[in-house]
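The values are calculated or read from the model by the stated rules, or taken from the named source; none is laboratory data. Fair warning: this is a prediction, and the values are worked out from it, not measured in the lab. Positions of Cβ are backbone-derived with ideal geometry, glycine not excepted, and every protein chain shown enters the neighbour counts. Calculation scope for accessible area: heavy atoms of the full protein, side chains included, ligands and nucleic acids excluded. Shrake-Rupley method; radii C 1.70, N 1.55, O 1.52, S 1.80 Å.
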Amino acid sequence: MLEKSDLRIGMARLTDGIVFAIAKEMGAFERQGLNVSLSRHDSWAAIRDQLALGDLDAAHMLSPMVAGSAAGLGPFPHIFATAFAINLNGNAITVSNSLYEQMCEAAPETMSRRPLSAKALKRVVEARAAAGGAPLSFATVYPFSMHAYELRYWMGAAGIDPDRDLSLSIIPPGQMVDSLAAGVIDGYCVGEPWNNTAVSAGLGRTLITSSEIWSNSPEKVLGVRKDWAERYPNTHQALLRALLEAAAWVDKPENRIAAAQIAAKPQYVGAPFDEIVGSLTGENRQTAGDARVDMPDFNVFYRYAANFPWRSHAKWIMAQMIRWGQAPADLDIDAAAKEAFRPDLFRIAAEEMDAPCPKIDEKIEGAHVHSWALEEATRPIAFGPDRFLDGRRFDPADIEGYLLGFDTPERRTNGAAKVVPIVKSATA
């Protein structure tokens, strides 16, 4: 029996919120006995605040926002958790036409090789600094976001320190294109449709997608308050089952056009269908500035156990927080990951829905260049590649070793870098 049937769920103005829209439009919520009211919000901070304060029961949320809360970061420490990942991939890095032309002039040999495109950016950055010019300005949607870590990872692989060599800012997703057009920023990392919108309007070029930075990387999650999940366990499970049904429907290629039509509605993304459909079908995606290729895995909503909240994903996110000085080096990552991501709760819903489910909570990330199969599951699950652009692997059992492989983690004191040793988790 449900403890609560009337729910308020917040979602961002992004195409990966389509899972919520489909659950509403196709009756998945109703079939689970839920009466759901969806509300669209323009910024992640607004969603965060309303969920924390109880104005929302659940929300479309950035996975690092949940991880950051569990790590004790941000204005609402130790409040949020997730038992459901909404999608894999879905972001991209787009720059202004002017910056794209500068990059082509500075290093034309790298621009057609997507993983190396940041090397061209590095040359532009160095040339501007030598000439005494203002640093380039890039934006992401939130400090604790996959967008921020993907942008940083891409730049870091080319030797760019985004905290020293550039100006970074936070801009809501729906304001990115206008900010690029106005010259407020030179580039950004954001979800769709806001990369495709800039390209369609002739305002910018997309250089690389998140799936090219880290193949099948985690993206959004269903965020809830920990106390809410404890108070309404049956309602929470009903919500997970409804979203599992919707995610499976959205992930079928034959349903993507219909999904794009629904996403285009004013109460959801509210953008032209032509700007949305490419992000959901993965067809004719721009990358490397000029190249256009089909990317069927640009957005993954169900395949590859996309909805499973891997604790290794949470740990990678927290490792990036340490790497970039957002979290202390002695953060107890094991404890924080267990608090943030709840695969135990997901397994209950998956069993009810007869959905294949991993039996393990963690896996090595970056170990597969090609498709592979997970045998440690209720039945074998096909997975796509999980390669990082620099070929690194992330072993959640050796986070210290992983972080020592970078020039960071660093603590910046008066502009000087100071290496702080990584302290192993107390529960390791």
(request) Mind telling me which of the residues Gln286, Gln320 ends up being modelled with pLDDT under 95, surrounded by 20 or more Cβ atoms within 10 Å (Cβ to Cβ) and touching a helix residue (DSSP H, G or I) at 6+ places or on another chain (Cβ under 6 Å)? (result) Gln286
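Just to be sure, is Pro115 at pLDDT 95 or above and not hydrophobic (A, V, I, L, M, F, W, C)? It would help to see each step written out before you state the result.
On the way: at pLDDT 95 or above: no; not hydrophobic (A, V, I, L, M, F, W, C): yes.
The answer is no for Pro115.
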(message) Just checking, does the stretch 73-81 include any residue being among the β-branched types (Val, Ile, Thr) and either closer than 30 Å to Glu283 by Cβ or modelled with pLDDT under 95 (or both)?
(response) no
(request) Collect the residues in the stretch 12-48 that are buried (at least 16 other Cβ atoms within 10 Å of the Cβ), charged (D, E, K, R) and farther than 22 Å from Ala248 by Cβ, keeping them in residue-number order. (result) Arg13, Arg40, Arg48
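If we scan the stretch 29-36, do we find a residue that is under 21 Å from the mean Cα position of the chain (by Cα) and without any contact (Cβ under 8 Å) to a residue 60 or more places away in the chain?
Residues of the stretch 29-36 that are under 21 Å from the mean Cα position of the chain (by Cα), as a first pass: none.
No, there is no match, as no residue in the stretch 29-36 is under 21 Å from the mean Cα position of the chain (by Cα) and without any contact (Cβ under 8 Å) to a residue 60 or more places away in the chain.
Can you tell me which residue among Ala28, Ala85 is out of contact with any Lys or Arg (no Cβ under 7 Å at 6 or more places or on another chain) and within 21 Å of Thr140 (Cα to Cα)? Full working, then the answer.
Numbers: Ala28 fails: within 21 Å of Thr140 (Cα to Cα).
Unique residue meeting the criteria: Ala85.
Among what's in the stretch 104-152 and is part of a helix (DSSP H, G or I) and hydroxyl-bearing (Ser, Thr, Tyr), pick the residue that is surrounded by the fewest Cβ atoms within 10 Å (Cβ to Cβ). Step through it out loud before you land on a result.
Step one: filter the stretch 104-152 for residues part of a helix (DSSP H, G or I), giving 104-106, 108-111, 114-130, 146-152.
So of that shortlist, the ones also hydroxyl-bearing (Ser, Thr, Tyr) come out as 110, 117, 149.
Values: Thr110: 21, Ser117: 25, Tyr149: 26.
Checking each candidate, the answer is Thr110.
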(request) Quick one: which residue in Ala355, Ala350 is in contact (Cβ under 8 Å) with a residue 12 or more places away in the chain, over 22 Å from the mean Cα position of the chain (by Cα) and not in a loop (DSSP other than H, G, I, E, B)? (result) Ala350
(message) I'd like the full set of residues that are open to solvent by less than 10 Å² (accessible area, probe 1.4 Å) and not aliphatic (A, V, I, L, M), limited to the stretch 219-235.
(response) Glu219, Lys220, Gly223, Trp228, Thr235
(message) I need a count of the residues in the stretch 167-200 that are open to solvent by less than 10 Å² (accessible area, probe 1.4 Å), among the charged types (D, E, K, R) and assigned to a helix (DSSP H, G or I).
(response) 0
(message) Among the residues of the stretch 250-272, are any without any contact (Cβ under 8 Å) to a residue 24 or more places away in the chain, open to solvent by 30 Å² or more (accessible area, probe 1.4 Å), closer than 28 Å to Asp57 by Cβ and among the polar types (S, T, N, Q)?
(response) yes
(message) Can you report the number of residues in the stretch 278-296 which are out of contact with any strand residue (DSSP E or B) (no Cβ under 6 Å at 6 or more places or on another chain), in a loop (DSSP other than H, G, I, E, B) and within 28 Å of Pro356 (Cβ to Cβ)?
(response) 4
